[in-house]
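The values are calculated or read from the model by the stated rules, or taken from the named source; none is laboratory data. This one's a predicted model, so the numbers in the text were calculated from it and none came from an experiment. Note: ideal-geometry Cβ built from the backbone for every residue, glycine included; neighbour counts use all protein chains shown. Protein only, heavy atoms only, side chains kept; ligands, DNA and RNA dropped before computing areas. Shrake-Rupley method; radii C 1.70, N 1.55, O 1.52, S 1.80 Å.
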Amino acid sequence: MQPRRHRLALALAGAALACIALPAAATDGYFSHGYGMKAKGRGGASLALADDAFGGANNPASMVRAGNRIEAGVDLFMPERKASRSGLGPGLDGSSKSSKTLFPVPEFGYNHMASDDLALGVTVYGNGGMNTTYSSGGFNCGMGAANMLCGMGTLGVDLSQLVIAPTLSYALTPEHSLGIAPQIVWQRFKAEGLQAFSMISQSPGNLTNRGYDTSSGVGVRVGYLGRFGDGFSLGVTYSSKVKMSRFKKYQGLFAGSGDFDIPENYGVGVAFKPMPATTVSLDYNRINYGKVRSIGNPSLVPFPLGNPSGPGFGWRDVDVVKLGVDYAVNDRLTVRGGYNHSKNPITPANVTFNILAPGVITDHATLGMTYVTDGGGEVTVAYMHAFKQSVKGASILPVFMGGMPAGQEEISMYQNAIGIQYAWK
């Protein structure tokens, strides 16, 4: 790789590190539907393939098959989120849209072949999804101007996560490889407009409107990649739960006095060639949101906010299926498409709290292409549309006024995203 290109790529990596913590919106829960533009163009399927430097986010065992490469890209993420309520009467009924709808999400990957059997690299990527910004007004809750959850001022939350994943990948044989990628995670969070819930918080002064707080933690992703016969490959990955330090400013909101860990997740994928120019890839992923208390605890429990058994978002574990097809038109152009289906983590009983985090998306359709330039680099673009999905359920606001769940609330979202990436090989 030429030194000038190397310096440019490192500059792009620095830009990614500076910007990647910008919030995104939910796709597979709050994980992205894919990592790397090639994966994003095929519905996120990636576990049995080795065509980029995003193994730290997908399958670290793939890096020893990917060759020397540096790549940087950005995805423009465009979610539309809405919440509404009916049946509780004037002052409580109404609807609101989240105002911020454009999020740039950078990503970066680097891979170096230390030998034919050993690759060292790093993947830098982000997660997000609990981001909403609802304007104040339109509700009064019997106490004057209020937001949709009866607090004052802007209502919303902002969660973003930056993951830096150094990778080591080793080829046991020409057909079988293993990989490991420590997950070094930094996250930040803020909440606004939740004053109405101070009466049920163990620390009302650390519930809302405290500005941004940060936390960090370390986990690990491991993987296996094997090739069997002509054109068939199998990939398997496991990523541990990441125990994060607490959000001290929000110990009166998140269960466990501010705990917000990264959930355990794992997957298996296959890829095969039904025809020489066509590759079909299929992944299954499992994300165990329910095993993180602040995410998985039900919203309506007899414990205060911030208590280890206190209210959470009530998210279920989700199963994700990703199907992709790549077709090599010629030596320079490859086109691809895909579909991603995820279980909805949000149940009707937990709609009220999830006005803040409407991660209801279940189905995504994607398109993409890669073009090889005269200099041997790659330009990859990807487009994703997530179809509108809604969840309805009884409001639990009356419970905090001494009643029972009543009326009906609905949260909904759809998304579009378009991204571009350049790779130096």
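A compact table of results
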{"quantity": "Those chymotrypsin sites (Phe, Trp or Tyr not before Pro) in region 216-260 that DSSP places in a loop and that have at most 12 other beta carbons within 10 Å", "calculated": "Phe228"}
{"quantity": "5 angstrom amide H check on Asp28, placed H, neighbours 5+ away", "calculated": "His33"}
{"quantity": "Translational diffusion coefficient (Stokes-Einstein; Kirkwood radius from C-alpha pairs) of region 71-132 at 25 °C, 0.890 mPa s, in µm²/s", "calculated": "157 µm²/s"}
{"quantity": "Distribution of pairwise C-alpha distances over region 225-333, 10 Å bins, in %", "calculated": "14, 29, 21, 16, 13, 6, 0"}
{"quantity": "Under 15 Å, Cβ to Cβ, from Thr27 - net charge with Lys/Arg +1 and Asp/Glu -1", "calculated": "-1"}
{"quantity": "For region 130-154 and region 50-120, distance of Cα centres in Å", "calculated": "30 Å"}
{"quantity": "For region 384-400, Karplus couplings with θ = phi - 60° (6.51, -1.76, 1.60), whole Hz, Gly/Pro x", "calculated": "9, 10, 9, 6, 4, 9, 10, 9, 10, x, 5, 6, 9, 4, x, 4, 6"}
{"quantity": "Translational D in µm²/s for region 66-174 (Stokes-Einstein at 10 °C, 1.306 mPa s, Kirkwood Rh from C-alpha pairs)", "calculated": "90 µm²/s"}
{"quantity": "Cα-based Rg of the chain normalised by 2.2 N^0.38 Å, two decimals", "calculated": "1.01"}
{"quantity": "For the chain, accessible area per residue (1.4 Å probe, heavy atoms of protein chains only), Å²", "calculated": "37 Å²"}
{"quantity": "Sorted peptide list for 170-180, 283-293, criterion being average Cβ within 10 angstrom, highest first", "calculated": "283-293, 170-180"}
{"quantity": "Cross-link reach list, lysines versus Lys291, counting only Cα pairs under 18 Å and skipping chain neighbours closer than eight places", "calculated": "Lys241, Lys243, Lys343"}
{"quantity": "Neighbour-limited loop hits for trypsin sites (Lys or Arg not before Pro), region 65-138 (at most 14 other Cβ within 10 Å; DSSP other than H, G, I, E, B)", "calculated": "Lys100"}
{"quantity": "Rounded Å value of the spacing that divides the Cα centres of region 373-393 and region 174-245", "calculated": "22 Å"}
{"quantity": "Relative contact order [Cα under 8 Å, 6+ residues apart], the chain, whole percent", "calculated": "18 percent"}
{"quantity": "Rounded percent of accessible protein surface that carbon and sulfur make up, region 108-213, 1.4 Å probe", "calculated": "60 percent"}
{"quantity": "Low-density loop positions, trypsin sites (Lys or Arg not before Pro), region 311-378 - DSSP coil, at most 13 other Cβ in 10 Å", "calculated": "Arg332"}
